[in-house]
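The block underneath contains the structure these notes are about, expressed in structure tokens.
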Amino acid sequence: MRVIVEKDKEGVSRRAAQFVANLVRRRPTCVLGLATGSTPLGMYAELIRMHREEGLDFSRVVTFNLDEYVGLSGSHPQSYRHFMQQSLFDHINIDPRDTHVPDGRALDFENYCEQYERLIAEEGGIDLQVLGIGSDGHIAFNEPGSSLGSRTRLKTLTEETVRDNARFFGSEKEVPRLAITMGVGTILESRQCLLLAAGDSKARAIRDTIEGPITAQVTASALQLHRDVIAVLDEEAARLLERRAYYREVEQAQAALQAGQLGKFGMPTS
Ligand code: F6R
């Protein structure tokens, strides 16, 4: 896993937006996997700025969101569909028909979840999946104990997640207890994953994810099995990582290689 540590949350947002924008420029028909929650908000704001000021073109991009609360329609102010419209889709030139967020009011969930997986496959799979992480180490709504091979399905939220998300609803009582979510297995099939985390409340989950054992108790740790994951963290979220100095060295080496400074690695330079 590539680990990038930025000074603060703003740095995480800018760096993450660069990864997304580079892909959109390189591959205008790319398929993006998107997350909700507070972590990617700054990244979405930066992408909107890039669209307005630099002409970043989303007209042929397709998106799939990770999850949605069961019982909420897309117009509910706390639904993830509504969140995505407000935070990104309404401000860029994406075709609304190409934005997919699971339907929290689907009647036949089993069929609907299979259909969501089929749709992802029909679009050629996800090129870049953006991920936040729960304080219990979940990705999407794959709570501790979720199968690491799981697919899109219904999931019961843990008390910890309900508590964490109550800030968006006003009270814990109003937070839905069920969500429809891509599975860990679905996420692992994305070509590249971009894991974002900021703040001290994520430090333990990040340590367990990156340096702990692979376990269904911390579903994000399954990302260790993926061949192309970039974790972009702020200092606080990276606080408990033991190998921080090494991750910094890797980034410096990478930058030197990109700048063609081969002499640094004992290679002839002319
Ligand atoms: C949201 C999602 C969740 C969040 C996670 C962190 O689509 O899949 O896994 O990424 O709960 O939420 P925040 O960013 O609000 O701390």
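Report, by residue number, each residue of region 148-178 that is out of contact with any helix residue (DSSP H, G or I) (no Cβ under 9 Å at 6 or more places or on another chain) and within 12 Å of the ligand (Cβ to nearest atom).
Scanning region 148-178 gives Lys155, Thr158, Glu160, Thr161, Arg167.
Which of the residues belonging to region 34-86 are under 18 Å from the mean Cα position of the chain (by Cα), among the hydroxyl-bearing types (Ser, Thr, Tyr), open to solvent by 20 Å² or more (accessible area, probe 1.4 Å) and farther than 16 Å from Leu194 by Cα?
Residue satisfying the conditions is Tyr80 alone.
For Leu240, only one of the following conditions fails: (1) farther than 24 Å from Ile120 by Cβ; (2) out of contact with any Gly (no Cβ under 7 Å at 6 or more places or on another chain); (3) open to solvent by 20 Å² or more (accessible area, probe 1.4 Å); (4) outside any loop (DSSP other than H, G, I, E, B). What is its number?
It is condition (4) that Leu240 fails.
The conditions are (1) basic (Lys, Arg); (2) in contact (Cβ under 8 Å) with a residue 40 or more places away in the chain; (3) not in a helix (DSSP H, G or I), and Arg60 fails exactly one of them. Which is it?
Single failed check for Arg60: (2).
So, in region 142-164, exactly how many residues are open to solvent by less than 10 Å² (accessible area, probe 1.4 Å), within 14 Å of Ser221 (Cα to Cα) and not polar (S, T, N, Q)?
Final tally of qualifying residues: 1.
Take Ser135 and decide whether it is of a type in the set (Ser, Thr, Tyr), within 11 Å of the ligand (Cβ to nearest atom) and open to solvent by less than 60 Å² (accessible area, probe 1.4 Å).
yes
The values are calculated or read from the model by the stated rules, or taken from the named source; none is laboratory data. Everything numeric in this text was worked out from a predicted model, so none of it was measured. Cβ coordinates were reconstructed from backbone atoms using ideal geometry, including for glycine residues, and neighbour counts include every protein chain displayed. Just so you know, the surface numbers come from the protein's heavy atoms only, side chains and all, with ligands and any DNA or RNA stripped out. Shrake-Rupley method; radii C 1.70, N 1.55, O 1.52, S 1.80 Å.
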